[in-house]
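Read the structure below first, then the notes.
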Amino acid sequence: MPVLEWLNKSEDLKESFLAPYRVLRHVPELGSGEPASENMLIEGDNLHALKTLLPYYGGRVQCIFIDPPYNTRSAFEHYDDNLEHTTWLSMMYPRLDLLRKLLAESGSIWVSIDENEAHYLKVIMDEIFGRKNFVAEIIWEKRTSRENRAAVGSAHDTILVYARMPAKEWKAHRNLLPSNDKGFSNPDGDPNGPWRSIPFSAMGHRKNQMYTIVTPTGKPLDPPKGRCWGAIEEEFQRYRSEGRVYFPKGGNGRPRIKLYSGEEKGLVPMSIWHARDVGTTEDSKKEILALFTGEAPFDTPKPERLMRSIIQIASNPGDFVLDSFLGSGTTAAVAHKMGRRYIGIENGEHARTYCARRLKQVVEGEQGGVSEAVNWRGGGGFSFFTLGDPVFDEYGQINPKVTFDQLAAHVWFTETKAPFMGKATTPYLGEDDGTAYYLLYNGILGDRRPGGGNVLTRQVLADLPAHDGPRVIYGESTRLSSERMLNLGITFKQTPYDLKVR
């Protein structure tokens, strides 16, 4: 398979591996709603954030949407065509590599891009995700007004879709788009109610679907040239006896089958998405202005209807949705309204000034965007995190800068998948789902003195708060036998080797 080469590619291939795992610092005052929610908003470099998420969410994310910088002349401060192109590829490759590792086996990734890098992006995604896993190139009509300043006005963006499995297999996991009642009527007073008709023919030549149909006016009809009828003759006669066959042109036209209102299971996604169905960038700007009066920080935010279609196709309620270029927060906002769990990552102040504020309004029940269409009334919650110090130093040891409370929060989140809500002042971190968690760590890595507090001894165990159930204890080492710990319901995990950050 052809691959793309660029300056420093060999170094870029290693960047995702070399990126450090960091401690996630919970910032309670910037979250909102239910504190136990699994929804996360992370402020920080998305490469480091994605690496930090791997121990918790590797292979668990069902739908990834990203809207990275498009590498236009305004994407970077100093523009040089070759240099900027290389910089863009160097930025994208390691992030896509980590996103692939986070993606579930039945999951998919959707990347919005324009003509500046779309073809290069296609090649590196073929390399990372596999050419056979390419699903579609979707053309989104992002504007309907004519651009008179350009030689050819740009009216669309591209969304490249890849899965973790071949597209033919992924088809079984994707959802259909909701159907609507447009086009239904009842001109013949059908007792079954409003209907619309669909053609009764199919591509190809199937011998048992090649027969003559006689219209109500007595006109014999064979299938159209190059096609066959849509079902075998016995099935057609059943449709006819049920009154489901419609002959247009006063009874002389080719047969069509009545589809009654409410019978459609859904619509198969197509590769061209029209503005009338999923909105435009102007629609999304209006959505932002409605939420933040007088503020429009992004030139090309995505409309909520566009994100609704993607999330509908690619996930189900309760699945994880991830956006590591969160921007104004649209992906997270729509995922929240649609009952998905989500992880949003945004660097800099936008995470606080826009994303957190927008999600807080969602929790409170804001009625913009797709709220009415999905019957959103508010509820749920999200937690806000920042990236702390690297957990490991360059030698694979716990970073001395990591404090007990930071490591305790990391251990707790690793084990429970929930932010640490307690106060890390003692080895006992708390109990979750019947299991108690403890961390023996005095801040000195390698302190294996029995009296230092890092080693699980009989005395240390006696001093720990009792728990009538399973216990997980992290420490430098243990002086208790495996048999004794088994009898006591203790699972011992050695620090740092058993921490899920390796």
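The values are calculated or read from the model by the stated rules, or taken from the named source; none is laboratory data. Bear in mind the structure is a predicted one, so any value in this text is a computation, not a measurement. Every residue, glycine as well, gets a Cβ built from its backbone with ideal geometry; the counts of neighbours run over all protein chains shown. Just the protein is used for accessible areas: all its heavy atoms, side chains included, with ligands, DNA and RNA removed. Shrake-Rupley method; radii C 1.70, N 1.55, O 1.52, S 1.80 Å.
Would you check if LEU439 is touching a helix residue (DSSP H, G or I) at 6+ places or on another chain (Cβ under 8 Å), at pLDDT 90 or above and either of a type in the set (A, V, I, L, M) or over 16 Å from LEU499 (Cβ atoms) (or both)? In short, yes. Could you tell me whether region 315-337 includes any residue that is touching a Gly at 6+ places or on another chain (Cβ under 6 Å) and surrounded by fewer than 16 Cβ atoms within 10 Å (Cβ to Cβ)? Looking for residues that are touching a Gly at 6+ places or on another chain (Cβ under 6 Å) and surrounded by fewer than 16 Cβ atoms within 10 Å (Cβ to Cβ), one finds at least one in region 315-337, hence yes. Taking region 1-33 as the range and being among the aromatic types (Phe, Trp, Tyr) and open to solvent by 30 Å² or more (accessible area, probe 1.4 Å) as the test, the residues that pass are PHE17, TYR21. Restricting to region 462-483, give me the number of residues that are outside any strand (DSSP E or B) and either aromatic (Phe, Trp, Tyr) or touching a strand residue (DSSP E or B) at 6+ places or on another chain (Cβ under 8 Å) (or both). Result for region 462-483: 8. Would you pick out the residues in region 234-248 that are part of a loop (DSSP other than H, G, I, E, B) and open to solvent by 80 Å² or more (accessible area, probe 1.4 Å)? Listed by number, the list holds a single entry, GLU242. Filtering LYS258, LYS286 for residues that are within 14 Å of ASP190 (Cβ to Cβ), among the basic types (Lys, Arg) and surrounded by 13 or more Cβ atoms within 10 Å (Cβ to Cβ) leaves a single hit, LYS258. Note on region 430-444: among residues that are closer than 19 Å to PRO55 by Cβ and of a type outside the set (D, E, K, R), the one that is least open to solvent (accessible area, probe 1.4 Å) is LEU439. Residues in region 40-55 that are surrounded by fewer than 21 Cβ atoms within 10 Å (Cβ to Cβ) and touching a strand residue (DSSP E or B) at 6+ places or on another chain (Cβ under 9 Å): 3 in all. Only a single item in (1) assigned to a helix (DSSP H, G or I); (2) open to solvent by 20 Å² or more (accessible area, probe 1.4 Å); (3) not acidic (Asp, Glu) is not met by ALA36, and it is number (1). Mind checking which residues of region 263-294 are without any contact (Cβ under 8 Å) to a residue 24 or more places away in the chain, of a type outside the set (D, E, K, R) and either within 30 Å of LEU221 (Cα to Cα) or part of a loop (DSSP other than H, G, I, E, B) (or both)? Within region 263-294, MET270, THR293, GLY294 meet the criteria. Somewhere in region 152-175, is a residue closer than 29 Å to ARG276 by Cα, at pLDDT below 90 and either of a type in the set (Ser, Thr, Tyr) or buried (at least 17 other Cβ atoms within 10 Å of the Cβ) (or both)? Taking every residue of region 152-175 in turn, at least one turns out to be closer than 29 Å to ARG276 by Cα, at pLDDT below 90 and either of a type in the set (Ser, Thr, Tyr) or buried (at least 17 other Cβ atoms within 10 Å of the Cβ) (or both).
Residues that are modelled with pLDDT of 80 or more and open to solvent by 40 Å² or more (accessible area, probe 1.4 Å) within region 416-429 comprise THR425, THR426, PRO427, TYR428, listed in sequence order. Test LEU306 against the criterion of being among the aliphatic types (A, V, I, L, M), farther than 17 Å from GLU38 by Cβ and open to solvent by less than 10 Å² (accessible area, probe 1.4 Å), and give yes or no. For LEU306, the condition - among the aliphatic types (A, V, I, L, M), farther than 17 Å from GLU38 by Cβ and open to solvent by less than 10 Å² (accessible area, probe 1.4 Å) - is met. Among the residues of region 64-118, what is the count of those that are modelled with pLDDT under 95, among the aromatic types (Phe, Trp, Tyr) and open to solvent by less than 10 Å² (accessible area, probe 1.4 Å)? Residues that pass the stated criteria total 1. Considering each residue of region 35-44, count those that are acidic (Asp, Glu) and either in contact with a Leu (Cβ under 6 Å, 6 or more places away or on another chain) or modelled with pLDDT under 95 (or both), and give that number. Looking only at that region, the number is 1.
Looking only at region 367-401, count every residue that is open to solvent by 20 Å² or more (accessible area, probe 1.4 Å), over 18 Å from PRO28 (Cβ atoms) and in contact (Cβ under 8 Å) with a residue 40 or more places away in the chain and tell me the total. Residues that pass the stated criteria total 10. Looking across region 122-141 at every residue that is over 19 Å from the mean Cα position of the chain (by Cα) and aliphatic (A, V, I, L, M), the one that is surrounded by the most Cβ atoms within 10 Å (Cβ to Cβ) is identified as ILE124. Could you list, in sequence order, the residues of region 176-194 that are open to solvent by 60 Å² or more (accessible area, probe 1.4 Å) and touching a helix residue (DSSP H, G or I) at 6+ places or on another chain (Cβ under 9 Å)? Residue satisfying the conditions is PRO178 alone.
Rundown of residues vs (1) surrounded by 11 or more Cβ atoms within 10 Å (Cβ to Cβ); (2) at pLDDT 95 or above; (3) out of contact with any Pro (no Cβ under 8 Å at 6 or more places or on another chain), yes/no style:
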| position | (1), (2), (3) |
| --- | --- |
| ARG196 | yes, no, yes |
| HIS205 | yes, no, yes |
| ILE213 | yes, yes, no |
| PRO224 | yes, no, yes |
| ILE232 | yes, yes, yes |
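For region 415-423, the condition of being assigned to a helix (DSSP H, G or I) and under 28 Å from ARG341 (Cα atoms) holds for at least one residue.
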